[in-house]
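Colleague: I am attaching a structure below and will ask some questions about it afterwards.
Every read-out reported here was derived from the displayed coordinates using simple, explicitly stated rules and does not represent laboratory data. These figures come from a predicted structure and were not determined experimentally. Cβ: placed from backbone, ideal geometry, glycine included. Neighbour counts: every protein chain shown.
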Amino acid sequence: MRLNVIGGGPAGLYFALLMKRRDASHEVTVFERNPPDATFGWGVVFSGRTLSNLREADAESHRRITESFETWDNVDVLLRESKVTVRGNHFSGISRLRLLNILQERCAELGVDLRFNTEVEDVKALARDCDLLVGADGVGSFVRERYTDAFRPTLGAGRNKYIWYGTRQLFHGLTLTFRESGAGVFAAHSYKFSRDTSTFIVECDEETWDSSGFDEMSDEETRAHLARVFARDLGGHELLSNNSRWINFLLVKNERWSAGNVVLLGDALHTAHFSIGSGTKLALEDSIALFQCFAAGMDVPRALVEFELSRKPVIEAYQQAAHESRIWFEQARDYVRLDPLPFAFSLMTRSGKVDYERLRQRDPAFVEAYESHLSRSISEGDSQDGQEERQTQKSER
Ligand SMILES: Cc1cc2nc3c(=O)[nH]c(=O)nc-3n(C[C@H](O)[C@H](O)[C@H](O)COP(=O)(O)OP(=O)(O)OC[C@H]3O[C@@H](n4cnc5c(N)ncnc54)[C@H](O)[C@@H]3O)c2cc1C
């Protein structure tokens, strides 16, 4: 089989290596516009379960990836003077560049033809030249655009602005920090992804963004401003930029997932808000799902139908959870009025993926502390808030 893959991100590289590993006679070419060591962003997180999927798919890349992991089980929620820790949440962090380098090396070892510094302009010509063309060209997919009548995509922007930084301050665990400036509320999502660097993503609502005057600030001024907002969290370390710029999250969905012998994978096909940390995971699992159709002996048309049928419900469930999570962050301005424990509870259960019982199993001490807080506030007649929290507790149950 002859396969052309556009995009050397996690989705494209992983699909290429799985196909080539299964059958060395496949001719697999990956076209990537950037050089091998160029990347946007800093680290990415994976949830625990992703790892076993990767091990089953290719033990060698799984080994190299997990050797480079930083792992933790705590989510730390920082609000005003308090830090609430919730345990039992298994995550791993890795530098995006390291992940890409591992996948590139593995592709090269297996004989995938990697063509860096190669911008694809004529998608249709490339599609004619192969049995399967994979559009793994990211959120702004050119392939999706070229076949828009077939894929019928819908694109929608989130309301918050966010920016993706790094910092030498080390956050041991997924740390969600909420700070108020005179302009409004800022949230930071941070975690260590190597021995000396953490990801630090900042988001805020449009009103906060406008009142802060970011539209008139340079990159340096923006970083200095945000370093002041998060001064007590950054321990004197600066925010590091890597082509970092403010953007709105873009939700991508496609009504159809293939057009003839062309299929989309990863962010080109669907996105899920970064607050549930699953974009890379979903991109890699897409590759596994499509690969498995071919491994089961299907030809291209059948594999593409089966891929869409089996994978779409999984993606829709993630997108729903990510949507709930995104909306929560868009309304953070209202939630920060809560006390730290109910605030952390609301944050942990925002996506609907973790309910009251699951949270209790993960961290009984946290749920106990939360329940004691509720009882205290009710008995102290701290009535309105307490009753609201009790209501929340009941509905979560
Ligand atoms: C702020 C932020 C934080 C995130 N945090 C996380 C996280 O913690 N965990 C997580 O799992 N995910 C996270 N993600 C999401 C993650 O980065 C993406 O979901 C993931 O990279 C998708 O992989 P992909 O291979 O589909 O696309 P990409 O990684 O975007 O790769 C697409 C590739 O295609 C190339 N390309 C595009 N067009 C062409 C062309 N015409 N010719 C040749 N090459 C082309 C690009 O150069 C690029 O290398 C985050 C995203 C953002 C924005």
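Colleague: In the structure displayed, which of 83/312; 124/312; 161/281 lie more than 27 Å apart, Cα to Cα?
Modeller: Pairs exceeding the cut-off: 83/312.
Colleague: Next up: Among 284-296, 84-96, what's the highest-first ranking by average C-beta atoms within 10 angstrom per residue?
Modeller: Taking the mean over residues of other Cβ atoms within 10 Å, the ranking is 284-296, 84-96.
Colleague: Let me ask another. Name the residue farthest towards the positive end of the dipole of the chain from the options 323, 365, 305, assuming +1 on Cβ of Lys and Arg, -1 on Cβ of Asp and Glu, about the Cα centre.
Modeller: Selected residue: 305.
Colleague: Something else now. Hey, got a sec? Which trypsin sites (Lys or Arg not before Pro) in region 195-251 land in a DSSP loop and have at most 14 other Cβ atoms within 10 Å?
Modeller: Sparse-neighbourhood loop trypsin sites (Lys or Arg not before Pro): 195, 245.
Colleague: What order do you get for 19, 1 when you list them from fewest to most C-beta neighbours inside 10 Å?
Modeller: Neighbour counts put them in this order, fewest first: 1, 19.
Colleague: Now a separate question. Compute the length gained on full extension between residue 128 and residue 195: take 0.36 nm times their separation in residues and subtract their Cα-Cα distance, giving the result in nm to one decimal.
Modeller: Result: 19.5 nm gained on full extension.
Colleague: Now, a different point. Can you list residues from other chains, or at least 5 along the same chain, whose modelled amide H is less than 5 Å from the amide H of residue 264?
Modeller: Under 5 Å from the amide H of residue 264 lie the amide H atoms of 135, each far enough along the sequence or on another chain.
Colleague: Order these peptides, 335-345, 367-377, by their mean beta-carbon neighbour count within 10 angstrom, highest first.
Modeller: 335-345, 367-377
Colleague: Using the Cα centre of the chain as the reference point, and only Cβ charges (+1 on K/R, -1 on D/E), how large is the resulting charge dipole? Debye, rounded to the nearest 20.
Modeller: Using only the charged Cβ atoms, the result is roughly 780 debye.
Colleague: Among 288, 171, 5, whose Cα lies farthest out toward the positive end of the dipole of the chain, if unit charges sit on the beta carbon of Lys, Arg (+1) and Asp, Glu (-1)?
Modeller: 288
Colleague: Could you let me know the centre-to-centre spacing of region 150-227 and region 17-92, using Cα atoms, in angstrom?
Modeller: 21 Å
Colleague: Under 37 °C and 0.692 mPa s, how fast does the chain diffuse according to Stokes-Einstein, given a Kirkwood radius computed over C-alpha pairs? Answer in µm²/s, whole number.
Modeller: Rounded to a whole number, D works out at 147 µm²/s.
Colleague: Based on DSSP, what percent of beta bridges with both residues in the chain are antiparallel, to the nearest 5?
Modeller: Given both bridge residues lie in the chain, the antiparallel proportion sits at roughly 70 percent.
Colleague: Next question. Against the longest principal axis of the chain, how steep is helix 300-330, in degrees 0 to 90 to the nearest 10, with axes from Cα atoms?
Modeller: Result, in degrees: 20.
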